[in-house]
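S.K.: Following this message is one structure expressed as structure tokens.
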């Protein structure tokens, strides 16, 4: 600490001189202007306060505070006389950059001219005011920058608000798009499921039953289908005006209070013939217009996307109906063709015959299975059963050719083996890519034996009068039509009165999962389990054999069954007698074209009749 000055202040002049001395001291030490002015102002205020109380003692000292020579000016003002209760000593320090040395430079005498001190104070004030003006200028600059910043912040907030609004709109648009996408997905899923449901059936009535189940109540409150070729539709009364307009113009028609707005749908006003709500009538058009599908809205209107889906579903329904109607037409034609070739079984003394034919439950309901029974010129009766490989109309045509050829060859009184040999030769040359199986059994009046021959056919089963059953498992010959020459052999089996010979096709006993042997065993057990009373009625016997084998099961193949039961002849045939009189068979009066797919052909011997059950 370097004492610089210590003096007593008792008058204003002394106070001015002390202030001037402090000003020059701080100026020598290069104190900052603003801090220097603040220091001097506070010192002056303290001295004036002490003058009002009698005087003061001022001590100025300097000390070095930094290694760079900077120092600190300290002023201490003590009231005189000192009074502890009136005013304590006042201290104030000012840091100056320096330099502070051991000996301060001499200060000019400030005791001679107080006026100069006043002028120096003005210079200090001017310097402070200059600094103040610079500060105000900087303040204005900063205020302008702050204003610009505030404007930028406000603009940023506005942009953020706009961005938030835009984001909200985008979120709403995204939610709406997701809703539309979910709606479209739901409609497409329904369209796919409904299309699969209507195209899975080849029965047009089944398709018409499924449509209301699919559409009501979500997409329509009512579903009406007007098929032009359906006589029942004409008896149901008047059709809605929109349906009539759709049938006349072959364009979809919408009738309701709201305009549809779709270019390919015509709008009509609701008429008195319309249902209670808006309706949509769509022509069912494929190659031609089959009819009109009329839908009543489930509410007060049809949704636009739903209308588009309904139009596509109607198009697919029209295709399904067209396929079903064409299939039914072809099936009825095929059934009529095949049933026209089924034989009316003849009657012969000492032999009862019964047959069943069950078409396959899949496909065109027609195949190559057949049975036949007819007389040879010598009075023998041939019982025939056969199966042409494949399915459909071609197999039925080939079956008819084989049946005709077999009857022609039988007029030469050939044995079963000779007939099969000639059939094999014919089929091998005329139909090289088609094969068939067959079995022929020949019965002579009064002969307890049966002569039979087989061409790749499942073995016949015989039930003896004592109730035992056996399989005629002699190895059969090759299938008819196999590309190699073959001579078939005749076989003989005992058939005393009361015996039953069962001929059948593989559709009766063969199943994909189990093969043919378990079916033959089941047939043998079922035949052996029958009572003698059951065998008195061969029709009931045939039903008893069919039930455990094919009852209530879907069939991939046709089933033919021919039963031959020997009895005691009422009158023995004399040598050279004429062939027994044929029994007239009365066919059923049921329309052949509408036969059910699970129909069973029944032909009874001895005055029997043919029925379609």
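The values are calculated or read from the model by the stated rules, or taken from the named source; none is laboratory data. Everything quoted here is computed from the prediction, not taken from an experiment. FYI the Cβ positions are ideal-geometry reconstructions off the backbone, even for glycines, and counts take in every protein chain you see.
S.K.: Any chance region 57-64 includes a residue that's assigned to a helix (DSSP H, G or I) and in contact with a strand residue (DSSP E or B) (Cβ under 6 Å, 6 or more places away or on another chain)?
M.R.: Within region 57-64 (the criterion being assigned to a helix (DSSP H, G or I) and in contact with a strand residue (DSSP E or B) (Cβ under 6 Å, 6 or more places away or on another chain)), the answer is no, since none of the residues qualifies.
S.K.: For region 423-494, which fully contained strands (runs of 3 or more DSSP E) count at least 2 residues that are more than 58 Å from the chain's Cα centre (by Cα) and buried (at least 19 other Cβ atoms within 10 Å of the Cβ)?
M.R.: Of the strands (runs of 3 or more DSSP E) lying wholly inside region 423-494, those with at least 2 residues that are more than 58 Å from the chain's Cα centre (by Cα) and buried (at least 19 other Cβ atoms within 10 Å of the Cβ) span 436-443, 449-455.
S.K.: Scan region 87-100 and tell me whether some residue there is over 22 Å from residue 73 (Cα atoms) and at pLDDT below 80. Don't jump to the end; show me each part of the working.
M.R.: Initial filter on region 87-100 (over 22 Å from residue 73 (Cα atoms)): 87.
So of that shortlist, the ones also at pLDDT below 80 come out as 87.
Looking for residues that are over 22 Å from residue 73 (Cα atoms) and at pLDDT below 80, one finds at least one in region 87-100, hence yes.
S.K.: Can you give me the number of residues within region 359-381 that are surrounded by fewer than 22 Cβ atoms within 10 Å (Cβ to Cβ), in contact with a strand residue (DSSP E or B) (Cβ under 8 Å, 6 or more places away or on another chain) and modelled with pLDDT under 85?
M.R.: Of the residues in region 359-381, 3 are surrounded by fewer than 22 Cβ atoms within 10 Å (Cβ to Cβ), in contact with a strand residue (DSSP E or B) (Cβ under 8 Å, 6 or more places away or on another chain) and modelled with pLDDT under 85.
S.K.: Would you check if residue 445 is farther than 24 Å from residue 550 by Cβ and at pLDDT 90 or above?
M.R.: no
S.K.: Could I ask something else about it? Based on this model, can you work out whether residue 424 counts as in the same structural domain as residue 532 (by TED's automatic domain parsing), more than 24 Å from residue 495 (Cβ to Cβ), out of contact with any helix residue (DSSP H, G or I) (no Cβ under 8 Å at 6 or more places or on another chain) and without any contact (Cβ under 8 Å) to a residue 40 or more places away in the chain?
M.R.: Values: in the same structural domain as residue 532 (by TED's automatic domain parsing): yes; more than 24 Å from residue 495 (Cβ to Cβ): yes; out of contact with any helix residue (DSSP H, G or I) (no Cβ under 8 Å at 6 or more places or on another chain): yes; without any contact (Cβ under 8 Å) to a residue 40 or more places away in the chain: no.
No, not satisfied.
S.K.: Report, by residue number, each residue of region 505-538 that is touching a strand residue (DSSP E or B) at 6+ places or on another chain (Cβ under 8 Å) and buried (at least 18 other Cβ atoms within 10 Å of the Cβ).
M.R.: If the condition is that a residue be touching a strand residue (DSSP E or B) at 6+ places or on another chain (Cβ under 8 Å) and buried (at least 18 other Cβ atoms within 10 Å of the Cβ), then 505, 506, 507, 508, 519, 520, 523, 524, 527, 535, 538 are the ones that fit.
S.K.: Pick from 400, 386, 390: which is in a helix (DSSP H, G or I), in the same structural domain as residue 489 (by TED's automatic domain parsing) and in contact with a strand residue (DSSP E or B) (Cβ under 9 Å, 6 or more places away or on another chain)?
M.R.: Of 400, 386, 390, the one residue that is in a helix (DSSP H, G or I), in the same structural domain as residue 489 (by TED's automatic domain parsing) and in contact with a strand residue (DSSP E or B) (Cβ under 9 Å, 6 or more places away or on another chain) is 400.
S.K.: Against the definition (touching a strand residue (DSSP E or B) at 6+ places or on another chain (Cβ under 6 Å) and either part of a loop (DSSP other than H, G, I, E, B) or closer than 30 Å to residue 536 by Cβ (or both)), how does residue 417 come out, yes or no?
M.R.: Values: touching a strand residue (DSSP E or B) at 6+ places or on another chain (Cβ under 6 Å): yes; either part of a loop (DSSP other than H, G, I, E, B) or closer than 30 Å to residue 536 by Cβ (or both): no.
Answer is no for this residue.
S.K.: Looking at region 38-56, is at least one residue in contact (Cβ under 8 Å) with a residue 60 or more places away in the chain, under 27 Å from residue 127 (Cβ atoms), in contact with a helix residue (DSSP H, G or I) (Cβ under 9 Å, 6 or more places away or on another chain) and part of a helix (DSSP H, G or I)?
M.R.: Checking region 38-56: at least one residue is in contact (Cβ under 8 Å) with a residue 60 or more places away in the chain, under 27 Å from residue 127 (Cβ atoms), in contact with a helix residue (DSSP H, G or I) (Cβ under 9 Å, 6 or more places away or on another chain) and part of a helix (DSSP H, G or I).
S.K.: What is the one condition in (1) at pLDDT below 90; (2) in a helix (DSSP H, G or I) that residue 202 does not satisfy?
M.R.: (2)
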